[in-house]
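Chemist: Okay, handing you the structure first.
Read the figures in this text as sums done on the coordinates, not as results from a lab. Here the structure is a predicted model, which is why all the values come from computation and not from measurement. Cβ placement follows ideal geometry from the backbone for every residue including glycine, while neighbour counts extend to all protein chains displayed.
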Amino acid sequence: MVPTSYYLILSAILFAIGTLGVLLRRNVLIIFMSVEMMLNAVNLTFVALARQFVQLNGQIFVLMVMVVAAAEVAVGLAIVMAVIRHKDTTNIEDVNLLKG
Amino acid sequence: MFLFIVFAAVAIVAAIGVVVSRRPVYSALFLLLNFATLAAMYIMLQAQFLAVAQVIVYAGAIVVLFLFVVMLIGGGELNDIRQRNLALGARLTWPRVMALILGLLLVIGLGYGIVTGQLYPTQGDATAFGLGSVEAIGQTLYTDYLLPFELTSVLLLVGMVGAVVLARND
């Protein structure tokens, strides 16, 4: 059986890569995908700890996270489409309407 | 342990692929691979229902939604796919080579896990199958977590209405 700590380390690595993607990329779609990856890394933590403590609460929480992620993607991609229709770009540097 | 190393390596390299790919369509496909490896990990962690839900929700719905948008706005074009007389070497750009290697690794890992029985949840741990099965999840979800479960349906409704309103063309 693989120790739980290994899963936690893997999850941390995936989360860090996702964070890097959010911070470094300028394409709004790739930023969005990186956010999804971070959510998944956290899900992995929940599931690993659910096994560690032999409790189901973690897995239920992952289910909730999945629901939230699905709703988030639907709304977020609608926003992306609206921005693209409005400004014709996927580069977030060009989306600065609220900048002072 | 071998399985974990294979899946972890595939997951990490796929994650890096998401971040560094030039084209969003490659990112979306690497994301799919990442989600698939995580589903395999859920099986190793005795969360069978979540593994299935991961494949259906993430790989089936979310990535497809991403691909729809990528195809819709452009940047999803695979230029050389129509050029029939291109040499094989010219077609093998680095994302394709990576995808080939990673996909093969995933298949090998899954095959190894199935043949040796490591991906069957009842082995090794006596409490195993009770933990993440559909029965256990359903029992908890419809008793202890009934109110949050019902509230998620409201959340989904709000998300749906929001998406329709935002995407409306007027």
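Chemist: Where does each of B:Leu147, B:Leu104, A:Leu56 land when they are ranked from fewest to most other beta-carbon atoms within 10 angstrom?
Modeler: B:Leu147, B:Leu104, A:Leu56
Chemist: Give the residue from A:Leu39, A:Gln59, A:Ser5 lying farthest towards the positive end of the charge dipole for segment A:4-88; charges sit on Cβ (+1 for Lys and Arg, -1 for Asp and Glu) and the dipole is referred to the Cα centre.
Modeler: Of A:Leu39, A:Gln59, A:Ser5, it is A:Leu39.
Chemist: Roughly how many nanometres apart are two label points built 7 Å out from the Cα toward the Cβ at B:Val165 and A:Asn96?
Modeler: Simple spin-label model gives 3.0 nm for this pair.
Chemist: On C-alpha positions alone, give me the angle between the axis of helix A:57-87 and the longest principal axis of chain A, in degrees, nearest 10.
Modeler: 10 degrees
Chemist: How far apart, in nm, are two points set 7 Å out from the Cα along the Cα-to-Cβ line at A:Ile13 and at A:Met1?
Modeler: Between A:Ile13 and A:Met1, the label points sit 2.3 nm apart.
Chemist: Tell me the angle of helix A:28-52 to the major Cα principal axis of chain A, expressed in degrees between 0 and 90 and rounded to the nearest ten.
Modeler: So the helix axis and the longest Cα principal axis differ by about 10 degrees.
Chemist: What shape does chain A take by its C-alpha gyration tensor, where a ≥ b ≥ c are the square roots of the eigenvalues and a/c under 1.5 counts as rounded, a/b above b/c as prolate, and the rest as oblate?
Modeler: Judged from the Cα gyration tensor, chain A comes out prolate (a/c at least 1.5, a/b above b/c).
Chemist: What size of dipole, in debye to the nearest 20, comes out for chain A about its Cα centre when the only charges are +1 on Lys and Arg C-beta atoms and -1 on Asp and Glu C-beta atoms?
Modeler: For this selection, approximately 40 debye.
Chemist: Eigenvalues of the Cα gyration tensor times 5, then square-rooted: what semi-axes does that give for the protein assembly as shown, in whole angstrom, largest first?
Modeler: Each semi-axis is the square root of five times an eigenvalue, giving 32, 26, 15 Å.
Chemist: Let me know the charge dipole size of the protein assembly as shown about its Cα centre in debye, to the nearest 20, where only the beta-carbon of Lys, Arg (+1) and Asp, Glu (-1) is charged.
Modeler: Using only the charged Cβ atoms, the result is roughly 840 debye.
Chemist: Can you compute the modelled spin-label distance between B:Glu135 and A:Val54, with each label point 7 Å from Cα toward Cβ, in nm?
Modeler: Here the modelled spin labels are 1.7 nm apart.
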